[in-house]
Amino acid sequence: MNMKKVWFITGAGSGIGEGTVKAALKAGDRVVATGRNLDKVRNALHDVVSENLAFVRLDVSDEAQAKPAVEEAVKRFGRIDILVNNAGYSLLGNFEEMTIADIESQFATNFYGVVYVTRAALPVMRKQRSGHIINISSVAGVVGLKHCTAYGATKFAVEGLSLSVATEVEQFGIKITVVEPGFFRTDLLDERNIRWARSPVEDYAHEGDPQSMWSPYHGTQPGNPAKLGDALVKIAGMENPPKLFVAGSDALAMIVPAIEARLQETRAHEELSRSTEGSF
Ligand SMILES: NC(=O)c1ccc[n+]([C@@H]2O[C@H](COP(=O)([O-])OP(=O)(O)OC[C@H]3O[C@@H](n4cnc5c(N)ncnc54)[C@H](OP(=O)(O)O)[C@@H]3O)[C@@H](O)[C@H]2O)c1
């Protein structure tokens, strides 16, 4: 039986969120598109408006908004089958040049946003005894990347959260997939959205401005968010969806060798590793 699923997508007003909304609607599913600026979300989705699409205001960094947003979604479509924790932005630059306040804000959206919305949706999914949570991480959530300390730390945290919670909620028929996209052509690296480290430390000055390293990627990324949306629809339709999904050949080219190197390093020190146990 091919039942219409209900999606709840955060940060649906652009990029991967928008692409996923459109892909799910194209597949005949129903979607609750959320965002902190609803005019932006409505505008991005004006050409796909139908009775299968609902809009709900949600700033993921505000814990108080998560439960009412989920309740509104359930009131509208009766259930939530797929939650896509997608909202996020990037704080880039050298770790020492970031302010603690900026790092905390990065966590408030990219990590705590996932915490709040997941905690709001899980009771609904537990009651249904089914559900699928798709958390958008990044290559930076698997590999340590220059200038991505804070961003990467939030994504590593999302990965840890996802893999751990999955072991607890599997018994209720709830699955979790972590998505690790490479570079996708979205608004992520748009100057209006990106946050730069803003406390200069002289020793890093000779490397030049991190901005000049990252800005050229904007608008030239190989990944197509519409196609990632289609891939997520496929994953949502799987009986046994993957726990981890690497999106894009650039992501594969970075993640596969990093995992192989990690395995090699782990094996290279097996003897030393085993030497740490024994009688006290
Ligand atoms: N594009 C890539 O290359 C890439 C690679 C790896 C991972 N990702 C991840 O993919 C996800 C989607 O990003 P994207 O690439 O599609 O970039 P994007 O086009 O900038 O989309 C991000 C969306 O998140 C929303 N958002 C930000 N803070 C929010 C908050 N506090 N509450 C609710 N919504 C918020 C933004 O809305 P506002 O307009 O309100 O800010 C925006 O619509 C992010 O988690 C990002 O880290 C992207």
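The values are calculated or read from the model by the stated rules, or taken from the named source; none is laboratory data. Predicted model only: the values in this text are computed from it and were never measured. Backbone-built Cβ (ideal geometry, glycine too); neighbour counts: all protein chains shown. The protein model used for the area step is the full one, side chains on, heavy atoms only, and it has no ligands, DNA or RNA in it. Shrake-Rupley method; radii C 1.70, N 1.55, O 1.52, S 1.80 Å.
Just to be sure before I move on: is MET254 more than 16 Å from the chain's Cα centre (by Cα) and assigned to a loop (DSSP other than H, G, I, E, B) in the structure I sent? Here the answer is no, as MET254 does not meet what is asked.
Scanning the range 219-242 for residues that are of a type in the set (Val, Ile, Thr) and farther than 14 Å from THR177 by Cβ gives a single hit, THR220. Answer yes if at least one residue in the range 183-197 is at pLDDT 95 or above, within 15 Å of the ligand (Cβ to nearest atom), assigned to a loop (DSSP other than H, G, I, E, B) and open to solvent by less than 10 Å² (accessible area, probe 1.4 Å), and no otherwise. Checking the range 183-197: at least one residue is at pLDDT 95 or above, within 15 Å of the ligand (Cβ to nearest atom), assigned to a loop (DSSP other than H, G, I, E, B) and open to solvent by less than 10 Å² (accessible area, probe 1.4 Å).
Pairing each residue of the range 12-38 that is over 16 Å from ASN224 (Cβ atoms) and open to solvent by 20 Å² or more (accessible area, probe 1.4 Å) with any residue that is more than 9 Å from the ligand (Cβ to nearest atom) and modelled with pLDDT under 95, provided the two are 6+ apart or on different chains, yields C-beta distances under 7 Å for GLY28/LYS4; ARG30/LYS4. Look at the range 51-106 and say how many of its residues are open to solvent by 10 Å² or more (accessible area, probe 1.4 Å), more than 18 Å from the chain's Cα centre (by Cα) and farther than 19 Å from LEU38 by Cβ. Going through the range 51-106 one residue at a time, the tally reaches 11.
Within the range 249-265, residues that are of a type in the set (A, V, I, L, M) have Cβ atoms under 7 Å from residues that are assigned to a helix (DSSP H, G or I) in these pairs: ALA251/VAL139; MET254/VAL139; ILE255/VAL139, counting only partners at least 6 apart in sequence or on another chain.
On the basis of being among the hydrophobic types (A, V, I, L, M, F, W, C) and buried (at least 19 other Cβ atoms within 10 Å of the Cβ), does ALA251 make the cut? Judged against the criteria, ALA251 is a match.
For the range 119-142, the tally of residues that are open to solvent by 30 Å² or more (accessible area, probe 1.4 Å) and part of a loop (DSSP other than H, G, I, E, B) stands at 3. Of the set (1) within 14 Å of the ligand (Cβ to nearest atom); (2) aromatic (Phe, Trp, Tyr); (3) surrounded by fewer than 19 Cβ atoms within 10 Å (Cβ to Cβ), all apply to TYR116 but (3).
For VAL246, are the conditions met, namely being surrounded by fewer than 17 Cβ atoms within 10 Å (Cβ to Cβ) and either part of a strand (DSSP E or B) or among the hydrophobic types (A, V, I, L, M, F, W, C) (or both)? Here the answer is no, as VAL246 does not meet what is asked.
Applying the set (1) part of a helix (DSSP H, G or I); (2) open to solvent by less than 70 Å² (accessible area, probe 1.4 Å) to ILE176 leaves exactly one unmet item: (1).
Being under 29 Å from TYR204 (Cβ atoms) and either within 15 Å of the ligand (Cβ to nearest atom) or touching a residue at least 12 places away in the same chain (Cβ under 8 Å) (or both): is that true of VAL169 here?
Here the answer is no, as VAL169 does not meet what is asked.
Against the criterion of being assigned to a helix (DSSP H, G or I), of a type in the set (S, T, N, Q) and open to solvent by 20 Å² or more (accessible area, probe 1.4 Å), THR154 does not qualify.
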